[in-house]
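Data block below; observations after.
The values are calculated or read from the model by the stated rules, or taken from the named source; none is laboratory data. If you're wondering where the values come from, they're calculated on a predicted model, not measured in any experiment. Virtual Cβ from ideal backbone geometry, glycine too; neighbours counted across all protein chains shown.
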Amino acid sequence: EYIFKSSSALWLSSDGSWMCYASFNDTAVAETAIPIYTQQYAQIKTIRYPLVDSINPSMSLWVVDLTQPSASPKELVPPNRIKDKDHYVTSVKWASNNRLLVVWRNRAQNLSVSTLCQSTVSKCQE
């Protein structure tokens, strides 16, 4: 939500034939206790929230052809310079009905890689 400035991580092509979505796995992220003040006494809610120097959630981007009922989603492969590092996506935009612009960034935020991804293949070009 902080990165995309939205609670949605889903992008439809302009003609509605393709969908890209992000998938997040936070099972390795430590739980943090948050007090919720809705009544006289605070209730404690635990959420998975990465702190400094701790494990971040892993993420992956997927595309699927919505015109094919039996189509399986394809994972978009991050660029080589970033795929083996802790990384995330900061922007996803459809450049056309079957091409995506994706901006990937490492956790240290000192490397950003822009790619053009063809929705029919999983490899993106820098």
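Scanning region 105-116 for residues that are closer than 17 Å to MET59 by Cα and part of a strand (DSSP E or B) returns ARG105, ASN106, SER112, VAL113, SER114, THR115. Of the listed requirements (1) in contact with an Asp or Glu (Cβ under 9 Å, 6 or more places away or on another chain); (2) exposed (fewer than 15 other Cβ atoms within 10 Å of the Cβ); (3) modelled with pLDDT under 90, SER58 misses just one: (2). Listed by first and then second residue, the pairs with beta-carbon distance under 9 Å, at least 6 apart or on different chains, first residue in region 29-44 and farther than 24 Å from ILE55 by Cα, second among the small types (Gly, Ala, Ser) and assigned to a loop (DSSP other than H, G, I, E, B), are ILE36/ALA42. In region 78-96, the residues that are farther than 21 Å from ILE55 by Cα and among the charged types (D, E, K, R) form Cβ pairs under 6 Å with partners that are surrounded by 13 or more Cβ atoms within 10 Å (Cβ to Cβ) and modelled with pLDDT of 90 or more, at six or more places apart or across chains, as follows: LYS93/LEU101. Under the condition of being of a type in the set (Val, Ile, Thr) and assigned to a strand (DSSP E or B), which residue from region 79-104 is farthest from LEU10 (Cα to Cα)? Per the stated criteria, the residue is VAL103.
Here SER91 does not qualify as in contact with a Leu (Cβ under 8 Å, 6 or more places away or on another chain), surrounded by 12 or more Cβ atoms within 10 Å (Cβ to Cβ) and either of a type in the set (Asp, Glu) or at pLDDT below 85 (or both).
Candidates ASP65, ASP86, ASP26: the one that is of a type outside the set (A, V, I, L, M, F, W, C), closer than 13 Å to SER119 by Cα and surrounded by 11 or more Cβ atoms within 10 Å (Cβ to Cβ) is ASP65. Looking across region 68-83 at every residue that is closer than 15 Å to CYS124 by Cα and of a type in the set (A, V, I, L, M), the one that is surrounded by the most Cβ atoms within 10 Å (Cβ to Cβ) is identified as LEU76.
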